[in-house]
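Readers should treat all values here as calculations from the given coordinates under stated rules, not as data from a laboratory. On a predicted model such as this, the values are computed, not experimentally measured, just so you know. Positions of Cβ are generated from backbone atoms using ideal geometry, with glycine treated the same way; all protein chains shown enter the neighbour counts.
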Amino acid sequence: MKIKNYIEEKLKQGAVHVTLIDPSRQAPDAAGRLAETAQEVGSDLIFVGGSSGVTQKTLSETATMVKQRASIPVLFFPTGTDSVSLNLDAFLFLSLLNSRNSKFISGTQSKISSVLKRLEVEVLSVGYILIEPGMKLGEIGEADLVARDNFWQAIGYALTAQYMGMSYVYLEAGNGSAQPVPAGMIRAVKREVGVPLIVGGGIRTAIDARRVRQAGADIVVTGTVIEAAGYRERLRSILSALKD
Ligand code: 1GP
């Protein structure tokens with residue numbers, strides 16, 4: 001089944017959870033174990049990608065181990081890295097809509113699109129919007145961050161993604177952010193856009209996850225939560241908050 005259809009089917013049953021694995025944060029073996037746990041606990045998808053310090057070697061080895069240990073779909077999440085993984089189940093074709101540098105909107109994409117076509121990689125087009133604080137992703141992506149109280153600007157970018165024909169809108173507070181995207185902003189964007197809404201960054205607890213879900217996030221991404229001891233339990237409580 002195509003990954004896009006898989007996600008559509010999952011969305012019919014409720015919220016979708018994604019575990020983000022950053023190849024720079026652990027050895028490939030450990031990444032494989034994390035993927036296995038994420039699947040056991042109930043994650044629907046895995047994103048592999050990181051904003052800095054990801055070499056081609058680490059990325060490839062991590063991707064291989066993750067694929068070996070998990071049977072849920074694994075997608076490549078190309079955030080601010082020059083390394084690329086083409087052998088995963090799908091490629092998130094992100095356009096960072098609020099970047100000042102066209103390289104992050106369509107430049108890098110234009111260099112890889114023909115390769116993706118030739119290799120018949122499934123591509124999911126995503127309008128990626130960085131919200132304050134944006135963290136490292138904001139710096140690397142040279143983003144004009146959307147202020148946390150500027151709901152209209154968030155709506156403007158989200159509708160831009162939809163009108164440009166993108167399949168998903170992604171509101172990102174940044175990897176390791178102290179807080180998720182504000183619930184009010186998620187609610188405002190959800191009211192206006194018709195494509196599935198992905199939300200990530202700063203979601204650490206079941207309470208965060210429930211708040212983001214209730215505000216309208218269709219797909220919830222967590223990363224940092226798996227990077228410390230006790231992650232299985234933390235992930236489990238996030239999943240039960242999302243799926244109850
Ligand atoms: C994915 O950047 C996020 O959208 C992950 O952020 O590491 O803060 O969960 P965290």
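Just the C-alpha atoms of segment 1-105: what Rg/Rh do they give, with Rh taken as the Kirkwood radius? Mind showing how you got there, number by number?
Details: Rg = 13.9 Å, Rh = 14.2 Å.
Here the Rg-to-Rh quotient is 0.98.
Normalised by the residues of the chain, what does the relative contact order come to in percent, with Cα pairs under 8 Å and at least six apart? Display every interim value, and only then the final one.
Values: 529 pairs, mean separation 43.7, N = 244.
For the chain, the relative contact order is 18 percent.
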For this session: Treat the count of other C-beta atoms within 10 Å as a stand-in for reagent exposure and order M1, M135, M164 from fewest to most.
Result: M1, M164, M135
Problem set entry | Mean Cβ neighbour count within 10 Å, used as a protection proxy, ranking 109-120, 187-198 highest first | 187-198, 109-120
Exercise. Which distance in Å, rounded to a whole number, links the C-alpha centroids of segment 59-78 and segment 102-178?
Worked result: 22 Å
Problem set entry | CD proxy at 222 nm, helix term only [per DSSP H run n ≥ 4: -39500 (n - 2.57); per residue of the chain; nearest 500] | -13000 deg cm²/dmol
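Determine, for I226, I155, the number of other Cβ atoms within 10 Å of each Cβ, and report the residues in order from fewest to most.
By the 10 Å Cβ count, ascending: I155, I226.
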Seminar exercise, completed: Rh_Kirkwood(the chain) over Cα pairs, Å, one decimal, evaluates to 17.6 Å
For this session: Return the FRET efficiency for the residue pair Q179, S71: r is the Cβ-Cβ distance, R0 is 35 Å, and the value is rounded to the nearest 0.05.
Result: 0.60
For this session: Would you mind telling me which residue in G138, G230, G165 has the biggest mean-square fluctuation in a Gaussian network model of the chain, where springs connect alpha carbons within a distance under 10 angstrom?
Result: G230
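Taking 0.36 nm per intervening residue step and subtracting the Cα-Cα distance, what contour gain separates E36 from R236 on full extension? Display every interim value, and only then the final one.
Details: separation 200, 0.36 × 200 = 72.00 nm, distance 1.31 nm.
Contour length minus the Cα-Cα distance gives 70.7 nm.
Between Y163 and R100, what FRET efficiency follows from the Cβ-Cβ distance if R0 is 22 Å, with the result rounded to 0.05? Walk me through the numbers before you get to the answer.
Details: r = 21 Å, r/R0 = 0.96.
For R0 = 22 Å, the calculated efficiency reads 0.55.
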